[in-house]
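A short worksheet on the structure shown next.
Throughout, read-outs are computed from the coordinates displayed, never taken from laboratory work. These figures come from a predicted structure and were not determined experimentally. Heads up, the Cβs are rebuilt from the backbone with ideal geometry, glycines too, and the neighbour counts pull from every protein chain shown.
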Amino acid sequence: MLPIERKELIPPGGHKKVLLHSCCAPCSGEVMEAMLASGIDYTIFFYNPNIHPEREYLLRKEENVRFAEKHGVAFVDADYDKDNWFARAKGMEWEPERGIRCTMCFDMRFERTALYAHEHGFPVMTSSLGISRWKNMSQINDCGKRAAGRYEGLSYWDFNWRKGGGAARMIEISKREEFYQQEYCGCVYSLRDTNQHRRNQGREPIELGVKFYGQGDDQDAG
């Protein structure tokens, strides 16, 4: 991986203290290294009660912890309150990807992130979710701004982490670190629908915990 020429990133208000909601190591790797290169003092907030089953949740979290420890970045391990997530998803079980269930999911995760930011003196929050090409960036940004807007003095940083080669570097970093490669967004309904698509194509269902970047055909992170 060649050295990266980066422009300095300036968070909203010129603040240098940021709370980063991280969904997984592959998506956050580029975001983390970009902020470190700009001298931004950030903390990772891992709150993803949507991830199912628990084995998958732990795999994703442990990879994120490993990378944070490598860079000496503070890591907040929030509750895995999956029961609350399922309660909020009730009635949305058959909604399509990027639909209202995803909006609910982003809202839930960002509401908790914003609360932590407010309680611990972070003026800015952002997320690694939008770097994936599988996500609707406008949907994510709307949820982030709505959550941050609950608290005076808190801003949501809607930086486009994909631009300037960010999306490509995300994959390069994932290969370099040999991150665990998830093959679905994270929730049980995404797993169900992804496996149905695979069956329709005559492919085997997803097998958890066996695929890693740099060890075969790599795809964009979920």
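Remarks
- Listed by chain and number, the lysines placed with their C-alpha closer than 19 angstrom to that of LYS82 are LYS61, LYS90; residues fewer than eight positions away on the same chain are left out.
- From most to least packed by mean Cβ count within 10 Å, the peptides 192-200, 118-126, 134-142 give 118-126, 134-142, 192-200.
- Percent RCO, i.e. relative contact order, over region 100-222, from Cα pairs under 8 Å lying at least 6 residues apart: 24
- Cα centroid separation, region 51-83 to region 98-144 (Å): 17
- Of all lysines in the structure, the ones whose alpha carbon falls short of 21 Å from that of LYS17, not counting any fewer than 8 places away in one chain, are LYS7, LYS70, LYS145.
- Within the chain, all pairs of alpha-carbon atoms sorted by distance into 5 Å bins from zero give the percentages 1, 7, 15, 19, 22, 17, 11, 5, 2, 1, 0.
- Whole-Å distance, taken between Cα centres, linking region 195-212 and region 20-43: 30
- Two-decimal Rg to Rh for region 47-128 - Kirkwood Rh, Cα set: 0.99
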